[in-house]
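Each remark here refers to the structure printed beneath this line.
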């Protein structure tokens, strides 16, 4: 009997529209011979199943099921494609762990760590993973401009601590823009990171456990005419993505080893994407996405294709890992 796969998309954050695009791509690439996929859109207001004619049906949160024509359908597996909360911060994972419903990707603990930039960097530093110098601020903290600039220099980056798709991220080139950037970032999250600027080649590395082997799907070089790889660079075509990256063999080997080490040390599952900036031949860790974008324009699907792995194969692999 075919298993019912709920493809969860949407979410609570400003990334919900991207998540729906990613979710539709996953839905289209699930093997119909082995599984029966269902689109499930989650918002703060409601959880709904949407059929191919855009007819909606409420999802019961009591047992993660729907009722169609008086027939109850229980979902066997949750395929989580929600960027931001509640998909990447561990909330949905905790819910499914309580219900005993298998789900794709990392568990609630790992998800919450990878979504929290400060905590993730802190853990990886203990494993000798290099990153930019940073200062952490909570909303309401006294902001000392002189101390920040003295410690981190200019330019620097102000980042919402728990956010994705570069929402709440600002590059500060001039002292006069520091406070406004901090205030704007606090509109996204009540914690922020201020990081020193790393001037080097930026790469994105797709990693997943595929056929019982943790492997790098690809290394993509990120080039943009924008001030940094922001939302418009990622999703509005204002960037050049080179796969495989135009880097040396030494750089490729170094970032491959570190990306796999990060995947293992954090206990990641399914597919993931981590970002690095090279200073010389040394990759500095920027952040990791436990549920990266899977739209037709996203990096990871292109990396997989370049490695000869189809999205259909990836979907089947992570579903089977969730079951087993």
It is to be established whether one or more residues within the stretch 183-190 are surrounded by 14 or more Cβ atoms within 10 Å (Cβ to Cβ) and touching a helix residue (DSSP H, G or I) at 6+ places or on another chain (Cβ under 9 Å).
no
Inter-residue pairs, beta-carbon under 7 Å, first surrounded by 14 or more Cβ atoms within 10 Å (Cβ to Cβ) and in the stretch 234-261, second part of a helix (DSSP H, G or I) and modelled with pLDDT of 95 or more, 6+ apart:
243/303
With assigned to a helix (DSSP H, G or I) and either buried (at least 17 other Cβ atoms within 10 Å of the Cβ) or not assigned by TED's automatic domain parsing to the domain that holds residue 263 (or both) as the only criterion, which of 79, 96 stands out?
96
Scan the stretch 1-36 for residues that are part of a strand (DSSP E or B) and either touching a residue at least 40 places away in the same chain (Cβ under 8 Å) or under 16 Å from the mean Cα position of the chain (by Cα) (or both) and jot them down.
3, 4, 5, 6, 7, 8, 9, 10, 35
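Can you pull out every residue in the stretch 251-283 that is assigned to a loop (DSSP other than H, G, I, E, B) and more than 14 Å from residue 120 (Cβ to Cβ)?
Within the stretch 251-283, 269, 270, 280, 281 meet the criteria.
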Kindly provide the set of residues from the stretch 45-65 that are assigned to a loop (DSSP other than H, G, I, E, B) and surrounded by 13 or more Cβ atoms within 10 Å (Cβ to Cβ), ordered by number.
59, 64
Give the residue, chosen from 211, 215, that is surrounded by 15 or more Cβ atoms within 10 Å (Cβ to Cβ) and in the same structural domain as residue 118 (by TED's automatic domain parsing).
215
Does residue 266 count as in contact (Cβ under 8 Å) with a residue 24 or more places away in the chain and surrounded by 24 or more Cβ atoms within 10 Å (Cβ to Cβ)?
no
So residue 177, is it more than 30 Å from residue 271 (Cα to Cα), part of a loop (DSSP other than H, G, I, E, B) and more than 18 Å from the chain's Cα centre (by Cα):
no
Out of everything in the stretch 151-174 that is in a loop (DSSP other than H, G, I, E, B) and free of Cβ contacts under 8 Å to residues at least 40 places away in the same chain, what residue ends up being surrounded by the fewest Cβ atoms within 10 Å (Cβ to Cβ)?
174
Which residue out of 143, 148 is farther than 26 Å from residue 84 by Cα, assigned by TED's automatic domain parsing to the domain that holds residue 176 and either within 23 Å of the chain's Cα centre (by Cα) or not in a helix (DSSP H, G or I) (or both)?
143
Residue hits (the stretch 274-286; in contact with a helix residue (DSSP H, G or I) (Cβ under 7 Å, 6 or more places away or on another chain) and either over 20 Å from residue 115 (Cβ atoms) or modelled with pLDDT under 95 (or both)) are 278, 281, 282, 283
I'd like to know if the stretch 83-91 contains one or more residues that are under 20 Å from the mean Cα position of the chain (by Cα) and without any contact (Cβ under 8 Å) to a residue 40 or more places away in the chain.
yes
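The values are calculated or read from the model by the stated rules, or taken from the named source; none is laboratory data. Computed from a prediction, not measured in an experiment: that's the story for all the values here. We place every Cβ from the backbone using ideal geometry, glycine too, and count neighbours over all the protein chains shown.
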